[in-house]
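Read through the structure below, which is laid out as structure tokens, and then see the notes.
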Amino acid sequence: MRILGISGSLRADSLNTRLLRLAAEELPDGVELEVYGELAEIPPFDHDLVDLAPDSVERLKDAIASSDGLLVATPEYNGSVPGQLKNALDWVSRPLADNPARAKPVAVIGASTSSFGGVWAQRELKKVLGILGARVLDVELPIAKADVRLADPDPELRSEVAAAVDALVDEASRTREPASLSI
Ligand SMILES: Cc1cc2nc3c(=O)[nH]c(=O)nc-3n(C[C@H](O)[C@H](O)[C@H](O)COP(=O)(O)O)c2cc1C
């Protein structure tokens, strides 16, 4: 099974990207997590171009389509979803009826240096993904003071991350297309 990890941060030393790497250490057997690394390449959304989407957008859509589930780790900027992440999802959302996030199991987590862990951004992101038709898990993992907690992840943090990953893998296993039967 292949999970696509998407970090909403472009920062080289992003705590949210680090959180995805921590999740990659907590995967059950048989599950791989690939971290998407081209968010900065996505241009501003232009509805006139949806039928002729840039290659970077097509690559993102293909990566989502070929995954069994998404693990999105988002920062919170001024109480909401980072603009570049929302912009990428606007591209992904069109055409709406067959966008690759539709019916895709998704867990949203996030890390923040604040005391609240970016919970508003995670809730808003879940709303956006729900509008795309994703199967958004009822998981909350706002990691507060993440600069401290992710510097040396303790067993409690590891088990919180593992629980989110397990919930995603369970949902992805339930909804995965059955392997084609050979006769
Ligand atoms: C423009 C900006 C706005 C921010 N607004 C919030 C906020 O509303 N809530 C919050 O918890 N943290 C906020 N932060 C702090 C981020 O949580 C912190 O910078 C975090 O490390 C960003 O994630 P990253 O390390 O993955 O880049 C903000 C940071 C920036 C740069």
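Here is how the numbers come out for the structure above:
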{"item": "V35 long-range amide H proximity, modeled H, under 5 Å", "result": "G5"}
{"item": "Under the Karplus curve 6.51 cos²θ - 1.76 cosθ + 1.60, θ = phi - 60°, whole-Hz ³J(HN,Hα) for region 97-114, x wherever Gly or Pro sits", "result": "4, 10, 6, x, 7, 4, 6, 7, x, 9, 10, 10, 10, x, 10, 9, 7, 7"}
{"item": "Where only alpha carbons of region 45-87 are counted, the Rg and the Dmax (Å)", "result": "12.7, 33"}
{"item": "Label-zone membership for region 107-131, site E156, 7 angstrom Cα→C-beta point, backbone N under 19 Å", "result": "110-119"}
{"item": "Solvent accessible area, Å² - K104, 1.4 Å probe, full protein context", "result": "20 Å²"}
{"item": "Length-normalised contact order for the chain - Cα pairs under 8 Å, 6+ apart - percent", "result": "24 percent"}
{"item": "Distant-in-sequence amide H partners of R135 (H built 1.01 Å from N, under 5 Å)", "result": "A103, K104, V106"}
{"item": "Rg/Rg_globular for region 2-175, with Rg_globular taken as 2.2 N^0.38 Å and Rg from C-alpha atoms", "result": "0.97"}
{"item": "For the chain, accessible area per residue (1.4 Å probe, heavy atoms of protein chains only), Å²", "result": "51 Å²"}
{"item": "Sum of side-chain charges, L125 neighbourhood, beta-carbon under 15 Å (Lys, Arg +1; Asp, Glu -1)", "result": "+1"}
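The values are calculated or read from the model by the stated rules, or taken from the named source; none is laboratory data. All values derive from a computational prediction rather than experimental measurement. All Cβ positions, even for glycine, are placed from backbone atoms using ideal geometry, and neighbour counts span all protein chains on display. For the accessible areas, the whole protein counts, side chains as well, though only heavy atoms, and no ligand, DNA or RNA atoms are used. Shrake-Rupley method; radii C 1.70, N 1.55, O 1.52, S 1.80 Å.
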